[in-house]
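For reference, the structure discussed in these notes is given below.
The values are calculated or read from the model by the stated rules, or taken from the named source; none is laboratory data. Note that this is a predicted model, so its numbers are computed, not measured. Note that we place each Cβ from the backbone using ideal geometry, even for glycine, and neighbour counts take in every protein chain shown. All accessible areas refer to the heavy atoms of the entire protein, side chains included, with ligands and DNA or RNA removed. Shrake-Rupley method; radii C 1.70, N 1.55, O 1.52, S 1.80 Å.
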Amino acid sequence: MNLDYRNTNALWSSVLVETLARCGVRHAVASPGSRSTPLTMALVRHPAIETIPVLDERSAAFFALGLAKQTHRPVVLVCTSGTAGAHYFPAIIEAHESGVPLLVLTADRPPEMRECASGQTIDQQKLFGGFVGFYHELAVPESRLELLRYLRQTIAHAVSRTRASIAGPVHVNAPFRDPLPPIEDASCAALRDGGGIDETFFAHLAPSEAAAVTAVFRQKATTARGLIVAGPASPGDVLHYVTRIRAVAESLGWPVLADALSPLRHYGVDVATTYDAILRNEASARELAPRFVLCLDAWPTSKVLRQWLERSGAEVVLVSAGAVNRDALHGRTRQLPADPTQLVLEGAAMPDASYRDAWLAAERRVRDRLDAALAGTDALFEAKAAWLLGRQLPEGTAVVTANSMPVRDLEYVWPASARRYQIHFSRGANGIDGTLSTALGIAHGGAPTVLLTGDLALLHDTNGFLVSAKLRGSLTIVLINNAGGGIFEHLPVAQFEPPFEEFFATPQRVDFGKLCAAYGVEHTLVRDWAQFTKLVSVLPPQGVRVLEVCTDRKKDAAMRKRLFAEVAR
């Protein structure tokens, strides 16, 4: 046990932190502030929890989000009272939408100091509304055994709620009276000397796991011409996930279309990856229409694929853990709230082998054309950066993709392989905020990591660079600098100039070399693809570096359209 009896706040906070540790928490991210002093000091002194200081609460929250994505464990966030907790909101929304376990501890003034113009005090009750799965305000600390038991059980329950059937964030508001530091007094002497808290006090606590759900998928006569669509997924046990889904596909004899954000594209499974281009050809789209679709985890990134599935009128079974509605297409869909690895197949029908063969033939044809076109491209074209990363990064690299164009370029061009890349993403709310901080959290204590991002997403989170000095690990940032928001070039609003360039593309006049120098981060301006390939083929073991690839936003948008039209012909 790691308890601190110096005063009531110290004992209260040390019981809270000991409970966290016994429940399996191993990381906390704390931002500076006075009211959170007891929590921060208790976390720092506990040997089982690594506590990382991050100045900016917004960056802190996204860093914790990334760390929780990497470890698949709940990460604790701690901040002071007032507006500090409000800066957590964007990351909490993403954690809620993508099922990431976070435990948010907001320190607060005691009730008598609220609603009376007391400094750094706002209404923190249910601050995050419906975006947390559980909320509780703790009692004001007292050194009474019965209240410490209440504290222990409440915190253990909060941790379990982060990992319930639908993982996500929880919020605990923690009021404290002065004195906030562990200034020694006699308030806890009776408990300390009387041995009221011994090993049996915490003996029943252990990390809780969500119960596995088994679903039965009963096949129908229409399933001979079936299709598996593997959407974005971040399973805790990737090898188990891939093994089970491969077995499902082989048992059914169906073709598999694997999103770039699905492990199936990176673990040696025979999958189709160029469907976005294939389905732009009207003849191919008609020929390959399915009668039955088994969608795993979530709908894919590709808008072309989603629209094709909508038009197909196929019967759909969507298998996704938890009871959240994931069917944005509103088609003939039955949703099974189950872990896809728990599927049990019954009554399998003979597959239509010609259907699978047709998909694989289309994949080979379009993949060969796409690879040849990109290999022959000397210009610094955005999509080629993603293509080269998929071919040149060391095996096992953790890859983080920003939203907007980077994730779409992964979807379009990243090849299937057995290189076991770990792909990370924030596709819950699909925002660009917190991109750098999330990537730093994923890199912390993990495998060498690469972030593929655009210039606006990076600039939106430059305070994340403040975390660089605390990073245990390596992050290489591949920065696609196209002087604005490239995704808007593909939208109808691009035809309206003005106000398109100023209000939608929003180019920023930032010298990234000087920006990196200000934060002490290594910066390299990429001259050509040979240099880029050399830089990404071997990743450094430690530190942060930026590889800046300058591209032409308008030319690249036109080139994408031309490229996909040519390879799909």
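Could you list all residues from segment 243-269 that are over 16 Å from Arg420 (Cβ atoms), part of a loop (DSSP other than H, G, I, E, B) and open to solvent by 10 Å² or more (accessible area, probe 1.4 Å)?
Within segment 243-269, just Gly253 meets the criteria.
Exactly one of (1) open to solvent by less than 10 Å² (accessible area, probe 1.4 Å); (2) closer than 24 Å to Asn463 by Cα; (3) among the small types (Gly, Ala, Ser) is unmet by Ser14. Its number?
Here Ser14 meets the rest and fails (2).
If you go through segment 163-203 one residue at a time, how many are among the polar types (S, T, N, Q) and within 30 Å of Pro337 (Cα to Cα)?
The total comes to 1.
Name every residue in segment 537-554 that is open to solvent by 40 Å² or more (accessible area, probe 1.4 Å) and in a strand (DSSP E or B), in order of residue number.
Within segment 537-554, just Cys550 meets the criteria.
Among the listed residues Arg509, Arg472, which satisfies the condition of being more than 30 Å from Thr71 (Cα to Cα) and surrounded by fewer than 18 Cβ atoms within 10 Å (Cβ to Cβ)?
Within the list Arg509, Arg472, the selection yields Arg509.
Could you figure out which of (1) at pLDDT below 95; (2) of a type in the set (S, T, N, Q); (3) in contact with a Phe, Trp or Tyr (Cβ under 9 Å, 6 or more places away or on another chain) isn't true of Thr274?
Going through the list (1) at pLDDT below 95; (2) of a type in the set (S, T, N, Q); (3) in contact with a Phe, Trp or Tyr (Cβ under 9 Å, 6 or more places away or on another chain), Thr274 breaks only (1).
List the number of the failed condition for Pro351; all other conditions in (1) over 30 Å from Val132 (Cα atoms); (2) surrounded by 21 or more Cβ atoms within 10 Å (Cβ to Cβ) hold.
With (1) over 30 Å from Val132 (Cα atoms); (2) surrounded by 21 or more Cβ atoms within 10 Å (Cβ to Cβ) applied to Pro351, the lone miss is (2).
For segment 31-113, which strands (runs of 3 or more DSSP E) that fit wholly inside it have 2 or more residues that are open to solvent by 10 Å² or more (accessible area, probe 1.4 Å), on the phi > 0 side of the Ramachandran plot and of a type in the set (S, T, N, Q)?
Answer list for segment 31-113: none.
Looking at the structure I just gave you, is Glu501 assigned to a helix (DSSP H, G or I) and touching a residue at least 24 places away in the same chain (Cβ under 8 Å)?
The answer is no for Glu501.
Got a sec? Which of Arg408, Arg427, Arg420 is open to solvent by 40 Å² or more (accessible area, probe 1.4 Å) and in contact with a Gly (Cβ under 8 Å, 6 or more places away or on another chain)?
Checking each option against the conditions leaves just Arg420.
Take segment 513-536 and flag every residue that is open to solvent by 70 Å² or more (accessible area, probe 1.4 Å) and hydrophobic (A, V, I, L, M, F, W, C).
Ala517, Ala518, Leu525, Ala530
May I ask you to list pairs of residues, at least six apart or on different chains, whose Cβ atoms are under 6 Å apart, with the first in segment 152-168 being farther than 19 Å from Asn2 by Cα and the second being at pLDDT below 90 and open to solvent by less than 20 Å² (accessible area, probe 1.4 Å)?
Matching pairs, first to second residue: Ser165/Gly322; Ile166/Gly322.
For segment 128-141: of the residues being more than 22 Å from the chain's Cα centre (by Cα) and surrounded by fewer than 21 Cβ atoms within 10 Å (Cβ to Cβ), which is farthest from Arg73 (Cα to Cα)?
Taking the candidates together, the pick is Val140.
Spot the failing condition for Val238; the list is (1) open to solvent by 10 Å² or more (accessible area, probe 1.4 Å); (2) at pLDDT below 95; (3) within 19 Å of the chain's Cα centre (by Cα), and only one is missed.
All conditions are met except number (2).
What are the residues in segment 17-30 that are crowded, with 24+ Cβ neighbours inside 10 Å and assigned to a helix (DSSP H, G or I), if any?
Across segment 17-30, the qualifying residues are Val17, Glu18, Leu20.
Being at pLDDT below 95 and farther than 19 Å from Ala457 by Cβ: is that true of Gln495 here?
When the stated conditions are applied, Gln495 passes them.
Of the residues Gly464, Gly445, only one is under 19 Å from the mean Cα position of the chain (by Cα) and either on the phi > 0 side of the Ramachandran plot or of a type in the set (A, V, I, L, M) (or both); which?
Gly445
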